[in-house]
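All of the numbers you see were taken from the coordinates with simple rules; none came from a lab. What you see is a predicted model, and the numbers here were worked out from it, not measured in a lab. Every residue, glycine among them, receives a Cβ derived from its backbone with ideal geometry; neighbour counts consider all protein chains shown.
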Amino acid sequence: MMENNSLYDLAKVLRSKNSGPFELTLDVIFDDPGKYFKVKNSGVITKELVCKLYNIKPEDISHLVFFDPALAFKITIKRPIDSGSIGETDVYGAQQHAPLMGIQIPF
């Protein structure tokens, strides 16, 4: 029987940060090659999923890249509000990774 594990449980690091004033980068880093390749090969991490989680359009995603040597993947998206602008609530972009935490990966 296959069970699901959350990305939060599988990854060593889940973080977000500014990628300039107009973009956010979401980093997911693993310390176990087996977990990394299971996530990568699951097909769960897609632009469509990112669009759903962040309520954005596909053209708002500039990168969704798996990088095997680092056991990591990176997603770069357009910020909904430019960093430091009126109404912006996370100037450093450090709290934007939360929607990734609950992603379920079949394991």
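Before moving on, here are some points about what is shown:
- Long-range HN-HN contacts of S19 with modeled amide H, under 5 Å: L24, T25
- Taken one residue at a time, the phi angles of the range 61-72 give Karplus couplings (6.51, -1.76, 1.60, θ = phi - 60°) of 9, 8, 8, 9, 10, 8, 10, 4, x, 9, 6, 8 Hz. Gly and Pro are set to x.
- Dipole magnitude for the chain: about 120 debye, using +1 per Lys or Arg Cβ and -1 per Asp or Glu Cβ, origin at the Cα centre.
- Overall shape: prolate for the range 1-46, with the ratio a/c of the largest to smallest alpha carbon gyration tensor axis at 1.5 or above and a/b above b/c.
- Annotation: the residues S62, S16, sorted from fewest to most other C-beta atoms within 10 Å of their own C-beta, follow the order S62, S16.
- For the chain, the longest principal axis of the C-alpha atoms and the axis of helix 33-42 are separated by about 70°.
- Burial ranking of peptide ranges 70-79, 25-34, 88-97 (average Cβ count within 10 Å, highest at the top): 70-79, 25-34, 88-97
- Among G43, Q104, A70 - extreme Cα towards positive end, dipole of the chain, charges at beta-carbon: G43
- Range of Cα positions in the chain per principal axis (Å), largest first: 49, 24, 20
- Our summary gives the range 1-98 a relative contact order of 34 percent, counting only alpha carbon pairs under 8 angstrom and 6 or more residues apart.
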